[in-house]
Amino acid sequence: MMAAALLSVGIGGAATAASVNDFIPEPKDFRTQEIHRVRGETDWPFVAEKGLLLCAPSWKNRFVYFVPEDEEGESEYPFALHENMMTVALVNLGRNSVLRPFDNFEQLVKRLSPYLAMGKRLCDQPAGAKLRDTAL
């Protein structure tokens, strides 16, 4: 989760003077939800079949990540989700193995949008919330 916190600093840009707790969340501040690919799902955007959707508060903003789970059940490095595809590309530079191949950006946006929306709803949950895959 610390990796997600550091990534959120990169997304946030420059900030005015703030306390450390404003931009480096503690583990109790995160919200998570288990997600997985449903059989027959054609628009699942990720290579990993399952993982965590994570909301990381930072600089009074809320950032959404997908944390892939490998075949051994280990968490991999978080992948940042954002409304702006340029931000997604820059923050996740070189991490093209996380996403399933896509034909164009329209298809990528169509695949990622539901998970970004779900992540934003996850951010509305109380700090420390850990939801099952069907909660949101």
Exercise for the section: Within segment 5-51, track down each residue that is open to solvent by less than 30 Å² (accessible area, probe 1.4 Å), small (Gly, Ala, Ser) and modelled with pLDDT of 55 or more. Expected result: Ala48, Gly51
Practice task
May I ask you to list the residues in segment 57-90 that are surrounded by 17 or more Cβ atoms within 10 Å (Cβ to Cβ), out of contact with any helix residue (DSSP H, G or I) (no Cβ under 7 Å at 6 or more places or on another chain) and of a type in the set (A, V, I, L, M)?
Solution key: Val67, Val88
Practice task
Might you check whether a residue that is touching a residue at least 60 places away in the same chain (Cβ under 8 Å) and closer than 22 Å to Arg37 by Cβ occurs anywhere in segment 79-100?
Solution key: yes
Handout entry: Failed condition for Glu69, given (1) modelled with pLDDT of 90 or more; (2) more than 24 Å from Arg132 (Cβ to Cβ)
Key = (2)
Handout entry: Sole exception among (1) within 21 Å of Pro27 (Cβ to Cβ); (2) of a type outside the set (Val, Ile, Thr); (3) open to solvent by less than 80 Å² (accessible area, probe 1.4 Å) for Arg111, by number
Key = (1)
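The values are calculated or read from the model by the stated rules, or taken from the named source; none is laboratory data. None of these values were measured; they are calculated from a predicted model. No Cβ is skipped: glycine too gets one built from the backbone with ideal geometry, and neighbour counts run over all protein chains shown. The protein model used for the area step is the full one, side chains on, heavy atoms only, and it has no ligands, DNA or RNA in it. Shrake-Rupley method; radii C 1.70, N 1.55, O 1.52, S 1.80 Å.
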